[in-house]
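A short write-up of the structure that comes next.
Just so it is clear, none of the values below were taken in a lab; they were calculated from the coordinates. Since the structure is predicted, the reported quantities are computational estimates derived from the model, not experimental observations. All Cβ positions, even for glycine, are placed from backbone atoms using ideal geometry, and neighbour counts span all protein chains on display.
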Amino acid sequence: MQQLDRQVIERALAWCQQGSPLWLCTVLATFGSSPREPGSWMAVNAAGQSVGSLSGGCVEEDFLQRVKEGAFECPVTIIRYGDPDDPRGGKVTLPCGGILEVLIERLPVTSETEAHLTTLLATLDGQQPLVRHVELPSGRFGFTEDASLGPRVYREQVQGESERIYLRVAPTRRLIIAGISAITAPCAAFAVTLGFEVIVCDPDATACAHLDVPGAVIKVQLPSQYIASGACHAATAVVALTHDPRIDDLAMMEAVRTPAFYIGVMGSQRTSTARAERLIRSGGLTQAQVGRLHMPIGLALGSKTPAEIALAIMADIVRVQHGKALDEL
């Protein structure tokens, strides 16, 4: 989940608490090019104020105008913008030529709505990952616990004509980079661009002072200490990039005790085999714990330069987060 999505739910909750009904719009699917991925949110209140986005602007303008005209008063509506076969999409044509399927929920000012949005915000802030479900056509919503990986949006038919839409909600994605090396800056920069909250930890104050990655938090601290402090939740990835066992091994030993969804350490196949043996022999890890480690780290892209290696690492993290097996690529 990206930082923008948290801002949407935070603002929606504030509007509800102020007594304003609102519309919560969710991207369900995209066909062709699209600037926003499934699961992305936009919220609009009765005064026409909005936060978040669904496209590059054309969809938002059409939606806001139609809200002013009194449209979307049903509990839920699904629109396929850019699809000439769906008259509810108006005459909007996406500049990219794609199709955007959007779930529109009209949320009334009730204690149930406030409690629902409060739970959403708490989940984005790091509590238990949940699956939000919305039933069609009634608009009834709720949550189920589910920490599994997979697509953010999926659907199923239930009880005759009814349909249920499932939306995975997890804390804002976090990347903890253990140690500063030539790979650290491009890896952190890629992660920031992808919407991750990025924390870089290294005990060397001088190295930290010289690392400049806008959007990343730099901590002069042993990565293992930071990880052990409770910094990892289920949407956290941990990568060790130094080739220094004093940093990398200790970070791995702590990371496997957390719910982090991705734990990786850089090194050749030979180095990785030696590290696995060392972590079991000296680190006290079990074979199952070592089995959680991605080593060698990253997709096998034939990467040579720091930027290419960073790309391979972040691509593998995204692959795992979306539940894609290597043989599906």
Around Val320, what is the net charge, scoring Lys/Arg as +1 and Asp/Glu as -1 over all other residues with Cβ under 13 Å from its Cβ? +2
Once you have the Cα-Cα distance between Cys74 and Leu301, take 0.36 nm times their residue separation minus that, and quote the gain in nm to one decimal. 76.8 nm
log10 I(q)/I(0), Debye, Cα-only region 3-169, no solvent, q = 0.09 Å⁻¹? -0.28
Compute the length gained on full extension between Glu163 and Ala288: take 0.36 nm times their separation in residues and subtract their Cα-Cα distance, giving the result in nm to one decimal. 41.1 nm
Beta bridges by DSSP in the chain, antiparallel share as percent, to the nearest 5: 65
Cβ-based charge dipole, region 156-224, positive-most Cα from Val169, Ala209, Ala189: Ala209
Throw me the Rg/Rh for region 174-328, computed over C-alpha atoms with Kirkwood Rh, two decimals. 0.93
Labelled set (1) 40, 24, 16; (2) 41, 20, 19; (3) 27, 25, 20; semi-axes √(5λ) of the Cα gyration tensor in Å computed from this model equals the value at (2)
Cys208 versus Thr193: modelled label distance in nm, points set 7 Å from Cα along the beta carbon direction: 2.7
The answer for the net charge of residues other than Asp202 whose Cβ lies under 11 angstrom from its Cβ, with Lys and Arg +1 and Asp and Glu -1, is -1
Which FRET efficiency value, to the nearest 0.05, is calculated for Lys219 and Leu329 with the Förster distance at 35 angstrom and r the Cβ-Cβ distance? 0.55
